[in-house]
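Accompanying notes for the structure given below.
The values are calculated or read from the model by the stated rules, or taken from the named source; none is laboratory data. Because the structure is a prediction, the values reported are computed rather than measured. Cβ: placed from backbone, ideal geometry, glycine included. Neighbour counts: every protein chain shown.
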Amino acid sequence: MLKEIKKKIRNYRKAKYQRILFSKKDLILRDKGIQYICNLKTQINYNKKYCRSCEFFYTYLKKKNFISFYKKFNSHLILKEKYNPITLKKKTNKGACLKTYFLFSEFLMKSKEINNIQKLNTILKVNDLLILSFQKYKHINLVNLFKKNFLYERKLIKLYS
């Protein structure tokens with residue numbers, strides 16, 4: 001089941017979500033994938049070992065430059081591992097890790113400069129990326145963060161339905 005939704009998301013991301021209409025079957029499949037991830041039992045051992053992208057974003061992602069990273073994510077649908085702190089041009093072609101996207105989504109949730117429709121659009125893209133990157137045995141300790149993102153997504157969807 002999770003393989004099916006990952007395949008669909010890959011195809012949507014290749015088209016950059018332009019002119020894509022989700023069918024009811026696709027939405028149900030995505031919901032089942034989210035439920036599967038949320039129902040996993042989390043492990044408590046949060047390892048404090050950070051990768052290069054985590055270190056960079058924990059250091060340089062601030063309230064004042066969040067909008068620049070927001071624009072980069074929405075145009076490219078991915079964040080890179082490291083950027084130049086002053087010009088914010090990418091230094092590497094390697095993608096950022098999952099913890100980085102959780103940090104990015106926390107800033108997104110708190111941002112007052114972005115309206116709720118834009119937040120919904122971005123959080124859906126981030127959550128699709130998180131589903132796509134999720135590996136059961138590698139990311140089992142991040143399930144609580146997944147739940148937080150998915151709950152925020154539900155809250156925004158209920159706001160407009």
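Does the stretch 7-24 include one or more residues that are of a type in the set (Phe, Trp, Tyr), farther than 18 Å from Leu132 by Cα and touching a residue at least 12 places away in the same chain (Cβ under 8 Å)? No, the stretch 7-24 contains no residue that is of a type in the set (Phe, Trp, Tyr), farther than 18 Å from Leu132 by Cα and touching a residue at least 12 places away in the same chain (Cβ under 8 Å). A residue that is at pLDDT below 85, loosely packed, with under 13 Cβ neighbours inside 10 Å, in a helix (DSSP H, G or I) and not hydrophobic (A, V, I, L, M, F, W, C) cannot be found anywhere in the stretch 19-26. Consider the stretch 28-59 and keep the residues that are among the charged types (D, E, K, R) and farther than 22 Å from Phe150 by Cβ. The one that is modelled with the lowest pLDDT is Lys48. The set of residues from the stretch 120-161 being free of Cβ contacts under 8 Å to residues at least 60 places away in the same chain, among the charged types (D, E, K, R) and over 25 Å from Ser75 (Cβ atoms) comprises Lys138, Lys148, Arg154, Lys155, Lys158. Scanning the stretch 144-155 for residues that are among the aliphatic types (A, V, I, L, M) and surrounded by 18 or more Cβ atoms within 10 Å (Cβ to Cβ) yields one hit, Leu145.
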